[in-house]
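One structure below.
Taken together, the values in this text are just the output of simple stated rules run on the coordinates, not laboratory data. Bear in mind that the values here come from a model prediction, so they are computed numbers and not experimental data. Every residue, glycine as well, gets a Cβ built from its backbone with ideal geometry; the counts of neighbours run over all protein chains shown.
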Amino acid sequence: MISPVLPTYARAPLSFDSFEKGQGPWLETSNGDRYLDMGAGIGVCALGHAHPTLIAALETQGRRLWHTSNLYEIPKQAELAAKIVDNTFADTVFMTNSGTEAIECAVKMVRKHFSHSGMPERVEIITFQGAFHGRSSAGIAASASPKMVDGFGPLLPGFVQVPFADLDAVRAAINDKTAAVMVEHIQGEGGIRVFPCADMRILREICDEKGLLLVIDEIQSGMGRTGKLFSHEWAGITPDIMTIAKGIGGGFPLGACVATENAASGMVAGTHGSTYGGNPLACAVGCAVMTEILSAGFLENVSRLAGHLRQGLESIATTHPKVFDGVRGEGLMLALQCKVPNMDVVHAGYDAKVLMVPAADNVVRLLPPLNMETFEIDDALWRIEEAASALDARL
Ligand SMILES: *Cc1c(COP(=O)(O)O)cnc(C)c1O
């Protein structure tokens, strides 16, 4: 018999009912056990669990006003949009409730840009194998991974996939119908695969040369995760359109599609919308998250913690060469490349009471809260070492 919850997820086989509460990087179970959460709800809880500033923002707004719809001005939405515009390449922001919806807006914006500019034939978007852009019809067509699209056809046309970070393949895929290239600077679900900064710069040049829009999906890599507000800043380039979600709400559902004035040129009144998108509750929390991440020294501290975590992981990988192949990623978006099945590592982590997240290419991801203390990172490293030793002993 089907469960009341649609069984689209294989849930973690944990020995207790569920997590009951969280504090900082810790999750506590119904029977009082504490787990160190190095996955942070898939990179969402950027400031950990139960952050006092976020609780205060939610409570204050919660007592005042939850929702009015986008029929009316929403001051908190305007405040959050201004914060994003002030701190990025973007001139304008559309708020959503999720990453997928931000992607959806980006895809529509690309097409509208060209139809509005008298080039309606330009509809194709080039994406990369291993990409993850969400689970909507456009999102799965963009990724085209068999696991995501099987049985859901006919797919939304207009997406072309090329091998990851293969610039010759990008050039070869461009034709009269090409509108944009969409890329994750660091593929998250795809296994923490980093698109080299030098190649990101060439990709920007190719787009400029051919009159294409560059869309960067920073849903996982953004909001401070790599030690910059957005990871493309490391490459010294800017996109035309960027998608944001995950960390921006710190656990409250929130996303955004942000763009230059030029890229957004076709998106006039009536062309797009969302009932909930950018409602007062979500934006109050989003503003609080932005303020924390932009506070003095925050991003520098992310880089410092990242160096510490990475060094520790490298040493664990070296100590257990039969379990791990190495470490990759940037900032606090890291992966242990596994030689044993990655789910074995995740399960050994459960036994050591540390939570890690599997991804494609047989890796386990570490996407911890960005504001952990050094001793908490050390604690996580001990637990991962314990998990690795347990696996080693079985080999
Ligand atoms: C998580 C993710 C998405 C989808 O976001 P949802 O909030 O799950 O809809 C899209 N792109 C990337 C890079 C992501 O990591």
Given A57, A82, which one is closer than 30 Å to A180 by Cα and small (G, A, S)?
A82
Members of segment 178-228 found to be within 15 Å of the ligand (Cβ to nearest atom) and charged (D, E, K, R), listed by number:
E184, E189, R193, D217, E218, R225
The correct count of residues that are away from the ligand (no atom under 16 Å from the Cβ), under 25 Å from the mean Cα position of the chain (by Cα), part of a loop (DSSP other than H, G, I, E, B) and surrounded by 11 or more Cβ atoms within 10 Å (Cβ to Cβ) in segment 15-60 is 6
Being over 23 Å from the mean Cα position of the chain (by Cα), under 19 Å from S265 (Cβ atoms) and of a type in the set (V, I, T) narrows it down to one of V107, V123, so name that one.
V123
Count of residues meeting criterion [touching a strand residue (DSSP E or B) at 6+ places or on another chain (Cβ under 8 Å), within 16 Å of the ligand (Cβ to nearest atom) and in a loop (DSSP other than H, G, I, E, B)] in segment 233-278:
7
Got a number for residues in segment 302-332 being within 24 Å of G249 (Cα to Cα) and surrounded by fewer than 17 Cβ atoms within 10 Å (Cβ to Cβ)?
2
What about A335, is it closer than 24 Å to I55 by Cα, in contact (Cβ under 8 Å) with a residue 24 or more places away in the chain and surrounded by 23 or more Cβ atoms within 10 Å (Cβ to Cβ)?
no
Checking E73 against (1) assigned to a loop (DSSP other than H, G, I, E, B); (2) within 16 Å of the ligand (Cβ to nearest atom); (3) among the acidic types (D, E), which test does it fail?
(2)
Considering segment 151-188, residues that are touching a residue at least 60 places away in the same chain (Cβ under 8 Å) and among the aliphatic types (A, V, I, L, M), and then whichever is nearest to H232 (Cα to Cα), we arrive at I186
